[in-house]
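J.: First the structure, which I've put down as structure tokens, then a few questions once you've had a look.
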Amino acid sequence: MQLINLKVFCDEIIVREIQFKDGINIITNSEDDGNQIGKSTALRVLNFCLGSDGKSIWHDPESRTKNEAIEDVVTSGRVLFSLDMRINKKNYRINRRIHKVQQKTRTVQKIYSSINDDEFDTNEKFKAALAPILGFSIANPTYSSIKNRFVRLDKKTASNIYRYLNSNTSDQQYILYYSYLFGFLGHNDLSSEIQFGEERNQRNDRISMLLNGRTEQDYKDKLKSIDDEIEILKNKEELFDFKDSQNKGVEKLKKTREEIAQLTSEISKLNIRVSYSQRTINGYEEKKSNINTNLIEKIYKEARLLLPDLKKTLEDTIEFHKQVVSKKVNYLNDKISDYKLSVVDMENRLNGLLDEEKNLFSALVGESHLSGFVVIEKEIQDKREERGRTSVVVDEVQHESSEISKLDINIQKLREKNKLQILQLSQHIEVFNKHLKSFSRAIFKDFSLSFNVGTKSDTNEIEFSIVNQERVSGDGAPRAAALAFDMAFVEFVKETGASFPEFTIQDYLEASDQDKLATLACLANENKVQVIVSVLKDKLASLSQEFIDENSVLTLKKSDKFFKID
């Protein structure tokens, strides 16, 4: 058992206490009207103790209504939430409170937390400390993305078996999450593969932006066309009839215009490089702030085994990683400074050449018969500038395509490597499937669900699927199937000893079929799967009153709401 009890204090007086047990833990209502009495609030308080920001305690995310009375009390700093857990034979006490503080120009909500004797003054620090205790990552995948597999409080996704997060979560992210949850040995390589894939997508997006609806060949053809037009205009120049006294000025003008075109093209390219380098820096800064401490800790532990006399600490190792990223950022910042200095220098030279061009024009256009030549020169200048803009597009597309080819090679190597380790992942999933099949067959009778993993034949890309998911039909079936999946995962954790919570917290079970919910409640007790549920008593009609009484850990009513506030 992992959750032991939850206590809510106000001014150091216990307002509410819930004792949890193995099996099903029911939070329900005693009177006919079971709405707006705090059943879901109890689960949201649990979620706050596990790292949420706590706002859903007083602000219902579904109805988007706010209970100002509860907000005022909870954010006064007077209310303390205390959750006792037992994980890997060790007891943990989590204490959390929220205090709304008035600053000079705004009001902020400060969250104060502690785990046993360790105190944390921000939510991020608290989650960073709690994550390894629960077996979660804090970076990749994120803490919340894994926690929400165990804490089902989102109405929109509560009935989704596989896709338990919001609609913005990609297929690739789910592959990463399930790889992590099922302890895939190739998870770090898979994470790198997905990161490479995301970079490839970004580069493809940039190519699309550069091409702006046209093809690369269109731009290459455009370059050839511009070169042809420039050649024709130059021939016209060569055939133009100049007086001997004018030749020197004309040649100087032509040379000045060529230098202007060259400088304009170089400035454009440098500005693009500045922009691209800045984007790279932003990516490094994000990696530095979202460092994968779990991965570094694993590498460090392996190094300690190989080198028992290793003097460096884990903190030194993490700091070294940050310094490496910082050095890359500093290098790129230096390059950007060099680029910008070059741009300034070139712009100064360009301005001088433009002034010189203007003076040369003024001297030449006084001769009326030179107006035709000036028109030709102007056309050549325009074409050179157009060619510079077009060549930048072609050069950048070729650069991006070259980088994409390198990424494709790296991705394929990682996929081939992971394909060799897929057996280990399949074995873990078979342990999970033993329980998922048992639970789902109990509620669906004529079929069972199972989780499947494999690799695509053409790309070696890992993919997950749920067998027979299309047969889960009917209004109450999907929610029951999702609960069966989550209960099976708790059994998987218990059997394999994985460092994950051995409980699941479930809301919005009103969408499930009564008989299926009753079956799963009995299975939870038989298998000692700790399931904490919030549900209207009407949905428990298929269970005996004796069962309900024995397994209800909190019963609320209008005169006894969760916070005892009307």
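Bear in mind these aren't lab numbers, they're just calculated from the coordinates by the rules spelled out. Nothing here was measured: the structure is a model prediction, and the numbers come from that model. So basically every Cβ, Gly included, is an ideal-geometry build from the backbone, and we count neighbours across all protein chains shown.
J.: I'd like the FRET efficiency for Gln102 and Gln398, computed as 1/(1 + (r/R0)^6) with the beta carbon distance as r and R0 of 45 Å, rounded to 0.05.
T.: Numbers: r = 57 Å, r/R0 = 1.27.
Once rounded, the FRET efficiency stands at 0.20.
J.: If contacts are Cα pairs under 8 angstrom and at least 6 residues apart, what is the relative contact order of the chain in percent? Walk me through the numbers before you get to the answer.
T.: Details: 751 pairs, mean separation 149.0, N = 566.
Once normalised by length, the contact order is 26 percent.
J.: Okay, moving on. Fully extended, how many nm does the chain gain between Asn166 and Asn271 (0.36 nm per residue separation, minus their Cα-Cα distance)? Spell out each step's value before the answer.
T.: Working: separation 105, 0.36 × 105 = 37.80 nm, distance 3.81 nm.
Net length gain for the segment: 34.0 nm.
J.: At what distance in angstrom do the alpha carbon centres of the stretch 1-58 and the stretch 59-111 lie from each other?
T.: Answer, in whole Å: 13.
J.: Something else about it: So how do Leu181, Leu509 line up by other beta-carbon neighbours within 10 Å, fewest first?
T.: Numbers: Leu181 21, Leu509 24.
In order of increasing Cβ crowding within 10 Å: Leu181, Leu509.
J.: Using each residue's phi in the stretch 84-101, evaluate 6.51 cos²θ - 1.76 cosθ + 1.60 at θ = phi - 60° and report the 3J(HN,Hα) Karplus result to the nearest Hz, with x for Gly and Pro.
T.: Here the 3J(HN,Hα) series is 9, 10, 10, 10, 6, 6, 10, 8, 10, 10, 9, 10, 9, 8, 10, 10, 7, 10 Hz.
J.: Next up: Per 0.36 nm of contour for each residue apart, how much would the distance between Ser426 and Asp11 grow if the chain were fully extended, relative to their Cα-Cα spacing? Let's see the in-between values first.
T.: Working: separation 415, 0.36 × 415 = 149.40 nm, distance 5.19 nm.
The span from Ser426 to Asp11 would gain 144.2 nm if fully extended.
J.: Please give, to one decimal in nm, the separation of the simple spin-label points placed at Asn212 and Leu354, each 7 Å out from Cα toward the Cβ.
T.: 2.1 nm
J.: Let me ask another. For the chain, what does the helix formula give at 222 nm: sum of -39500 (n - 2.57) over DSSP H segments with n ≥ 4, over the residue count, nearest 500 deg cm²/dmol? Present the calculation step by step, with values, prior to reporting the outcome.
T.: Numbers: 15 runs with 322 residues, N = 566.
It lands at -20000 deg cm²/dmol.
J.: Going by C-beta contacts inside 10 Å, put Tyr112, Tyr331 in order with the fewest on the left. Please list the in-between numbers first.
T.: Details: Tyr112 17, Tyr331 13.
Exposure proxy ranking, most exposed first: Tyr331, Tyr112.
J.: Tally Lys and Arg at +1 and Asp and Glu at -1 over the other residues with C-beta under 12 Å from the C-beta of Ser265: what net charge comes out? Mind dumping the intermediate values first?
T.: On the way: positive: Lys269, Arg384, Arg387, Arg389; negative: Glu258, Glu259, Glu266, Glu385, Glu386, Asp395.
Counting the neighbours of Ser265, the net charge comes to -2.
J.: For Arg206, what is the net charge nearby, where nearby means another residue's Cβ is under 12 Å from its Cβ and Lys, Arg count +1, Asp, Glu -1?
T.: On the way: positive: Arg200, Arg203, Arg279; negative: Glu199, Asp205, Glu396, Glu400, Glu403.
Result for the neighbourhood of Arg206: -2.
J.: Report the one residue of Phe562, Gln262, Ser342 whose Cα lies farthest in the direction of the positive end of the charge dipole of the chain (charges on C-beta: Lys and Arg +1, Asp and Glu -1; origin at the Cα centre).
T.: Of the options given, the answer is Phe562.
J.: What does the charge count near Lys340 come to, summing +1 for each Lys or Arg and -1 for each Asp or Glu among other residues with Cβ under 12 Å from its Cβ? Display every interim value, and only then the final one.
T.: Numbers: positive: Arg273, Lys335; negative: Asp334, Asp338, Asp345, Glu347.
Net charge around Lys340: -2.
J.: Just order 212-225, 483-496 by mean Cβ neighbour count inside 10 Å, highest at the front, would you?
T.: Working: 212-225: 12.7, 483-496: 22.1.
Ranked from most to least packed, the peptides come out as 483-496, 212-225.
J.: Work out how much length Lys445 to Asp228 would gain on full extension: take 0.36 nm times their residue separation and subtract the Cα-Cα distance, in nm to one decimal. Mind dumping the intermediate values first?
T.: Details: separation 217, 0.36 × 217 = 78.12 nm, distance 7.57 nm.
Difference between extended and current length: 70.6 nm.
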